[in-house]
Amino acid sequence: MTTTEPEFLTAARTFYDAVAADYADRYGGALATATWDRAVLAAFAELVAAAGGGRVAELGCGPGRITGHLAALGLDVSGLDLSPRMVEVARAAHPEIPFQVGSLLDLPYGDGELAGIVAWYSIIHTPAEQLPRVFAEFHRVLAPGAPAVLAFQVGDASLCIEDPFGHPVTLDFRRQQPAHIAALAAEAGLKVTTRLLRDPEDGEKTPQAYLLAHKVVE
């Protein structure tokens, strides 16, 4: 029996397939001036190392800029993205890192396989009713006590991006409130232990949030 893919997944894949090369060119060097991004990622890397290391994954990796940075920090990292074209760009930029196509709704990892997860602005295209499923998948694939880092734009209203880089595609970017995301994570067994909120920078229109959670040890 053929299963129909949710419309929001098709829309996100179409959007990012269209903009992959331009996106990589525009944002490939953004970490160089993103002090707080680097600080959060460094803290995540330290936590993974302190727990004994292991395989980690960036979920929604795009062209692999964060994945590559995590590798440079010494992590055994792989990347996953919904967009086949983004995965092609990531593989070309970082041939030493494994990348694969996949969805946050159905992660291609075994139970408890991962020593850490980075979801860097990758939950922002998921409708509210699907977020519990996403966090349940995060919980399933994480080892007990392992960390997960989430980054997202803060707000209550979605932003619709139309015709980026001149491409005829459209996508909704769903902003979130940190308290709401922390509550959803907690319901899935992911305890948020650190919350960082920073003001908009460099043309951003909303504050940015970083949440660090750990899989609850039962």
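The values are calculated or read from the model by the stated rules, or taken from the named source; none is laboratory data. Since this is a predicted model, take the numbers as computed values, not measurements. FYI the Cβ positions are ideal-geometry reconstructions off the backbone, even for glycines, and counts take in every protein chain you see. Each accessible area value is taken on the protein alone, full model and side chains, heavy atoms only, with ligands, DNA and RNA left out. Shrake-Rupley method; radii C 1.70, N 1.55, O 1.52, S 1.80 Å.
Tabulated data for the structure shown
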{"item": "Enumeration of residues in the range 86-129 that are touching a strand residue (DSSP E or B) at 6+ places or on another chain (Cβ under 8 Å) and part of a strand (DSSP E or B)", "result": "Phe99, Gln100, Val101, Leu114, Gly116, Ile117, Val118, Ala119, Trp120"}
{"item": "Subset of the range 47-56 (residues that are among the aliphatic types (A, V, I, L, M) and either in contact with a Phe, Trp or Tyr (Cβ under 7 Å, 6 or more places away or on another chain) or surrounded by fewer than 15 Cβ atoms within 10 Å (Cβ to Cβ) (or both))", "result": "Ala50"}
{"item": "Test: Leu107 is open to solvent by 20 Å² or more (accessible area, probe 1.4 Å) and within 18 Å of the chain's Cα centre (by Cα)", "result": "no"}
{"item": "The range 9-27: number of residues that are surrounded by fewer than 16 Cβ atoms within 10 Å (Cβ to Cβ), under 16 Å from the mean Cα position of the chain (by Cα) and modelled with pLDDT of 95 or more", "result": "0"}
{"item": "Filtered residues of the range 28-46 (kept if within 14 Å of Leu196 (Cβ to Cβ) and surrounded by fewer than 18 Cβ atoms within 10 Å (Cβ to Cβ))", "result": "Ala34, Thr35, Trp36, Arg38, Ala39, Ala42, Ala43"}
{"item": "Options Ala151, Ala136; residue that is more than 23 Å from Thr14 (Cα to Cα) and either modelled with pLDDT of 95 or more or assigned to a helix (DSSP H, G or I) (or both)", "result": "Ala136"}
{"item": "Matching entry among Val56, Val48 (being among the β-branched types (Val, Ile, Thr), in a strand (DSSP E or B) and modelled with pLDDT of 95 or more)", "result": "Val56"}
{"item": "Failed criterion for Arg195 (all others in (1) out of contact with any helix residue (DSSP H, G or I) (no Cβ under 6 Å at 6 or more places or on another chain); (2) open to solvent by 70 Å² or more (accessible area, probe 1.4 Å) hold)", "result": "(1)"}
{"item": "Pick from the range 49-60, criterion of a type in the set (A, V, I, L, M, F, W, C) and under 21 Å from Gly102 (Cβ atoms), ranking: farthest from the chain's Cα centre (by Cα)", "result": "Val56"}
{"item": "Answer residue from the range 67-79, given it is under 16 Å from the mean Cα position of the chain (by Cα) and either among the polar types (S, T, N, Q) or farther than 20 Å from Glu113 by Cβ (or both) and is surrounded by the most Cβ atoms within 10 Å (Cβ to Cβ) among those", "result": "Thr67"}
